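Everything on this sheet refers to the single structure shown next.
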Amino acid sequence: MSNGNNGKELHRGLEERHITLMSLGAAIGVGLFLGSATAIKLAGPGILLAYAFSGMIMFFIMRALGEMAIQKPVAGSFSSYARDYLGPLAGYITGWNYWFLWVVTCMAEITAVGIYMEYWFPTVPRWVWALAALVMMATVNIIAVKAYGELEFWFALIKIVTILAMIAVGAAMIFFGFGNGGLATGISNLWEHGGLFPNGIKGVLLSLQMVMFAYLGIEMIGVTAGEVKNPEKSLARAIDSVFWRILIFYVGALFVIMSIYPWQEIGTKGSPFVLTFEQIGIRGAAGIINFVVLTAALSSCNSGIFSTARMLFNLAQHGEAPKRFGKVTRNGVPGMAVLASAAALLIGVVLNYVVPAKVFTWVTSIATFGAIWTWGIILLSQIRYRKTLRPDEIKQLKYKVPLFPISSYVALAFLALVIGLMAYDADTRIALFIGPLWLIFLTVFYYAKGFHKRVPTETEDSSQAV
């Protein structure tokens with residue numbers, strides 16, 4: 001695809017190493033570094049089961065997305081697939097819902113940037129850093145898709161190296177007593193403080209909302225489909241390794257942490273990552289981890305601006321967002337869509353003035369509701385997609401969901417369970433008011449604006465072709 005693209009086409013500037021690291025980086029967010037302590041309080045060592053099982057469900061969802069994305073790689077992927085297989089209204093709601101979900105998530109992330117920078121600059125107001133982060137990430141996204149991919153590659157690499165180092169150091173403590181005077185700590189902490197499930201299965205179930213929030217962003221691989229140089233090879237490889245990466249990074253890191261420290265102490269003395277590095281005598285451990293978590297927040301914000309801009313671009317091509325969002329710059333970037341998403345995030349900077357901390361617990365639950373809608377739509381689209389294929393076409397599929405259709409229906413049932421559990425907890429219940437209200441608002445707007453009467457033009461259809 002050339003860059004002289006008459007303002008209509010995205011530029012395929014993402015290479016396989018970008019996609020591989022981005023899929024990993026998306027799955028390792030602030031959720032692992034900070035959110036895991038909250039989840040451990042609820043479930044104890046049983047959290048390992050919650051992460052492993054939820055990881056398997058996410059793998060099925062990603063395979064469902066991959067099955068469609070490899071056959072039809074377009075920008076705004078699951079919004080397009082919802083439109084194709086579930087109808088125009090589903091595509092419209094999914095596109096705008098995903099945009100909303102990432103705007104909300106990024107508001108939390110740019111606020112986190114302000115909190116982390118306080119560690120080094122306690123006198124500077126938080127909103128200054130939030131604004132600086134927003135301007136920096138929006139600029140990177142405007143330059144070229146390759147600039148976004150490159151920055152995301154290095155952000156992800158920093159997180160991955162830190163977690164692998166912590167797992168290695170922790171394993172050396174557990175088995176060889178490294179940093180502990182030669183006394184191997186062993187793994188008895190996993191069951192010596194009330195057993196593997198100290199709060200019963202109920203504790204594990206209540207932790208699922210936090211666990212699923214940690215996985216938010218994994219579906220980003222699908223949004224990149226319109227800008228990958230070799231979709232079939234790159235997407236398949238990235239999706240296939242998702243499950244193993246989840247096991248290594250989430251289950252591996254938490255296994256090490258809970259083996260070294262009794263689970264009820266985690267989160268009471270600061271980040272478990274800091275504690276582990278300090279234990280072996282790294283003096284600047286708190287500063288190092290603070291830097292890593294800062295890059296995790298910036299990475300999430302960077303990805304958020306990228307994906308929201310692609311959704312606006314896709315909606316504009318279908319006449320469901322202002323037309324100017326459907327144009328690209330000379331570098332093949334949807335520039336106006338990037339600026340619009342960044343402008344919406346300015347609300348997050350303002351909220352740093354106004355909003356009490358409690359609201360950010362609400363933000364994660366609202367974002368989880370939005371993510372569950374998206375994942376559910378991916379599964380439903382894939383089930384409908386399969387029904388449109390003849391038996392010989394199904395045999396020719398290059399990339400299939402394993403154990404279909406059982407896996408797709410089990411994943412849908414699991415998402416429904418998480419929504420039900422959110423109703424159980426007072427802090428997360430707010431998402432079940434705001435989420436459905438937002439979906440109702442979108443539906444009313446869709447019919448009020450007469451979008452249901454539109455007939456797609458030939459140019460719209462051809463702009464979706466790859």
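Things to note:
- Looking across the stretch 68-85 at every residue that is in contact with a helix residue (DSSP H, G or I) (Cβ under 6 Å, 6 or more places away or on another chain) and surrounded by fewer than 23 Cβ atoms within 10 Å (Cβ to Cβ), the one that is farthest from Pro405 (Cα to Cα) is identified as Pro73.
- Given (1) more than 25 Å from the chain's Cα centre (by Cα); (2) open to solvent by less than 10 Å² (accessible area, probe 1.4 Å); (3) over 30 Å from Leu183 (Cα atoms), number of the condition Ser307 does not satisfy: (1)
- Condition met for Ala133 (out of contact with any His (no Cβ under 8 Å at 6 or more places or on another chain), buried (at least 18 other Cβ atoms within 10 Å of the Cβ), modelled with pLDDT of 80 or more and assigned to a helix (DSSP H, G or I)): yes
- When the stretch 87-133 is limited to residues that are under 16 Å from the mean Cα position of the chain (by Cα) and polar (S, T, N, Q), the one that is farthest from Leu351 (Cα to Cα) turns out to be Thr94.
- Residue under evaluation Gly195, criteria (1) buried (at least 17 other Cβ atoms within 10 Å of the Cβ); (2) at positive phi, criterion not met: (1)
- Counting the residues of the stretch 104-123 that are outside any helix (DSSP H, G or I) and among the polar types (S, T, N, Q) gives 1.
- Among residues of the stretch 246-287, those that are part of a helix (DSSP H, G or I), open to solvent by 10 Å² or more (accessible area, probe 1.4 Å) and free of Cβ contacts under 8 Å to residues at least 24 places away in the same chain, counted: 4
- Residue match in the stretch 296-308 (condition: farther than 22 Å from Ile221 by Cα, part of a helix (DSSP H, G or I) and either out of contact with any strand residue (DSSP E or B) (no Cβ under 8 Å at 6 or more places or on another chain) or among the polar types (S, T, N, Q) (or both)): no
- Residue match in the stretch 373-391 (condition: at pLDDT below 85, in contact with a helix residue (DSSP H, G or I) (Cβ under 7 Å, 6 or more places away or on another chain) and either assigned to a helix (DSSP H, G or I) or closer than 16 Å to Ser77 by Cα (or both)): no
- Scanning the stretch 387-413 for residues that are open to solvent by less than 40 Å² (accessible area, probe 1.4 Å), over 18 Å from Met56 (Cα atoms) and touching a residue at least 24 places away in the same chain (Cβ under 8 Å) gives a single hit, Leu397.
- When Trp127 is tested against the conditions (1) open to solvent by less than 50 Å² (accessible area, probe 1.4 Å); (2) in contact (Cβ under 8 Å) with a residue 60 or more places away in the chain; (3) out of contact with any Pro (no Cβ under 8 Å at 6 or more places or on another chain), the lone failure is (1).
- Pairs are defined by a Cβ separation below 8 Å, a sequence spacing of at least 6 or placement on different chains, a first member in the stretch 288-312 that is among the basic types (Lys, Arg), and a second member that is modelled with pLDDT of 80 or more and part of a helix (DSSP H, G or I); the pairs so defined are Arg310/Ala337.
- Number of positions in the stretch 312-325 that are under 20 Å from Ile143 (Cβ atoms) and surrounded by 20 or more Cβ atoms within 10 Å (Cβ to Cβ): 3
- Scan of the stretch 32-65 for residues that are at pLDDT below 85 and either surrounded by fewer than 21 Cβ atoms within 10 Å (Cβ to Cβ) or within 30 Å of Lys233 (Cα to Cα) (or both), ordered by number: Leu32, Leu34, Gly35, Ala37, Thr38, Lys41
- Within the stretch 89-124, being among the charged types (D, E, K, R) and open to solvent by less than 40 Å² (accessible area, probe 1.4 Å) holds for one residue alone: Glu109.
- Exactly one residue among Ile187, Ile167, Ile201, Ile218 is closer than 29 Å to Ile47 by Cα, open to solvent by 60 Å² or more (accessible area, probe 1.4 Å) and hydrophobic (A, V, I, L, M, F, W, C), and that residue is Ile201.
- Any hit, the stretch 167-184, residues being assigned to a loop (DSSP other than H, G, I, E, B) and closer than 24 Å to Arg245 by Cα: no
The values are calculated or read from the model by the stated rules, or taken from the named source; none is laboratory data. Please read all numbers here as calculations on a predicted model, not as lab measurements. So basically every Cβ, Gly included, is an ideal-geometry build from the backbone, and we count neighbours across all protein chains shown. For the accessible areas, the whole protein counts, side chains as well, though only heavy atoms, and no ligand, DNA or RNA atoms are used. Shrake-Rupley method; radii C 1.70, N 1.55, O 1.52, S 1.80 Å.
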